[in-house]
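For reference, the structure is listed below as structure tokens.
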Amino acid sequence: MRHFLLRPGLHNLAALTVIQGSNALIPLLIVPFAIATVGAGAYAQVAITEAISALVLAAVLYSFDVDGVARLSRTGRDATAEQRGAILAEILLARLAMFVLVAPLTIGVYRLAGGQRPLLLAFWLLVPLGHIFHAYWFYQAIERNVPPAAITLGSRVVTLAIVFGAVRGPADAALIPLAIGGPFVLGGLVSTLYIVLRLHIPLRSVHIGPIIDGLRHGKAVFAGNVAVSLYREMNVVILGVLGVPAAGISTYALVEKSIKMLQAVTRPLNQFYFPKVLGALSGHAAPDRTVARLIGRYTVPQLGAVLALIVALPAAYGLAAGLSPRLATLGALPGVWTMSAIMAPAMLFGIANFMFGTAGLNALGQRGYLFLAIVATGTASVAGCFALGAALGAMGAAICFVLAEAMLFALVIARYLVTPVDPRKGRA
């Protein structure tokens, strides 16, 4: 049993779970406390500026979480420290350059658009800066995820201590993003120093040519990431633009954060089945009904697990609320249970979209179609949120949230259903 637990693969999977869980669960612990402490009005501005910073994060990460891992993997296990250091330096420099360009521009546009709390946005921008220095992609490529997991968890614990110890009222609202972003940046610097000093990977001087080539190569992935951000991050911003009451924005932000946290916690299921699907698809060249049924075998168990989680959550909340009066007050927020019921199915669509889309269509050479499907979904989601938000307020954004995931699934599964099956080969 001891040998089983110490297997490197399990170490890495556990570490990835810690990273995802701490990046999702810890902020969720802060949200109920923040709403109860600083009030719905002040927290609405915190939520809006956080959503804007998420768009900056998508921009500065670009495609390097995928391309960086691929570049290091191509160098092989026999790659020299200098080769790895050159790749690390190129990606760090590219991301920092994009941050220097995008961050001031974002704050400027926010001010011109009448944004009321630029300091909140500036503090939230520490989060994308921290992601640059954490260099998770590098650790994933060399399969040593324990150090960044420990560093990330440590920074999140510091965040909790600051927020719960120092935030006392509405005047402390700006301390929330500072407490989240500040320790995260410091943790990122520690992460980079660990790579250089402990793993002995030198940061080499770089030329501009490889950086430009990397940006050109990753533009499609980058555009897809931005499109995903449109339907996963923009709803809170749109509600603010529409002038929806602060209480509604805060409630929506809480439910959306809860859904995203649960998606992050269940993501190891995707990671577990991902290589199995790739292996099963090795004998197929195109999406069709046969392939859809094949992927479905690996998707149904995940849907069952997530559905059980959704059913169990109300009971779990009831037990927790009985122990914490402050947590119990969240159940009285206007529309919180209705929004939760509306948005919960998005978790099921998210599982299916990963398996049939990210795993299936990418493996079957359908990246172009998947990109167009994501762009169409993002565009429709923004338009739909403006329309439904204007008509129904925060409840309209909740409807739009789940409809976006449903639309993406419809577009993805259509690629399998409209392709005829070749009865001789079992594929298109």
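Those residues that are at pLDDT 70 or above, closer than 30 Å to ALA135 by Cβ and either among the hydroxyl-bearing types (Ser, Thr, Tyr) or not in a helix (DSSP H, G or I) (or both), I need them from the stretch 1-46; list them, please.
THR17, SER22
Quick check on the stretch 232-239. Is at least one of its residues over 22 Å from LEU129 (Cβ atoms) and among the charged types (D, E, K, R)?
Checking the stretch 232-239: not a single residue is over 22 Å from LEU129 (Cβ atoms) and among the charged types (D, E, K, R).
Identify, please: which residue in the stretch 84-96 is farther than 10 Å from PRO210 by Cβ and without any contact (Cβ under 8 Å) to a residue 60 or more places away in the chain and is, among those, surrounded by the fewest Cβ atoms within 10 Å (Cβ to Cβ)?
The selected residue is LEU96.
Anything in the stretch 101-144 that is in a loop (DSSP other than H, G, I, E, B), surrounded by 14 or more Cβ atoms within 10 Å (Cβ to Cβ) and among the aliphatic types (A, V, I, L, M)? List them, or say none.
Residues satisfying the conditions are LEU125, ALA135.
List, please: which pairs have Cβ atoms under 8 Å, are six or more places apart or on different chains, and start with a residue in the stretch 192-211 that is assigned by TED's automatic domain parsing to the domain that holds THR80 and end with one that is surrounded by 13 or more Cβ atoms within 10 Å (Cβ to Cβ) and outside any helix (DSSP H, G or I)?
Once the first residue is assigned by TED's automatic domain parsing to the domain that holds THR80 and sits in the stretch 192-211, its partners that are surrounded by 13 or more Cβ atoms within 10 Å (Cβ to Cβ) and outside any helix (DSSP H, G or I) give THR192/ALA135; ILE195/ALA135; ILE195/ILE201; VAL196/PRO202; VAL196/LEU203; LEU199/ARG144.
Based on this model, can you work out whether ILE132 counts as touching a Lys or Arg at 6+ places or on another chain (Cβ under 6 Å) and not small (Gly, Ala, Ser)?
Answer is yes for this residue.
Would you check if there is a residue in the stretch 110-128 being hydrophobic (A, V, I, L, M, F, W, C), touching a residue at least 12 places away in the same chain (Cβ under 8 Å) and within 17 Å of ASN12 (Cα to Cα)?
no
Let me confirm something: among GLY318, GLY248, GLY279, GLY283, which residue is at pLDDT 85 or above and either within 20 Å of ILE35 (Cα to Cα) or of a type outside the set (A, V, I, L, M) (or both)?
GLY248
Would you be able to tell me the number of residues in the stretch 183-232 that are hydroxyl-bearing (Ser, Thr, Tyr) and under 21 Å from ILE142 (Cα atoms)?
Number satisfying all stated conditions: 3.
The values are calculated or read from the model by the stated rules, or taken from the named source; none is laboratory data. What you see is a predicted model, and the numbers here were worked out from it, not measured in a lab. Using ideal geometry, Cβ is built from the backbone for each residue, glycine included, and neighbour counts are taken over all protein chains shown.
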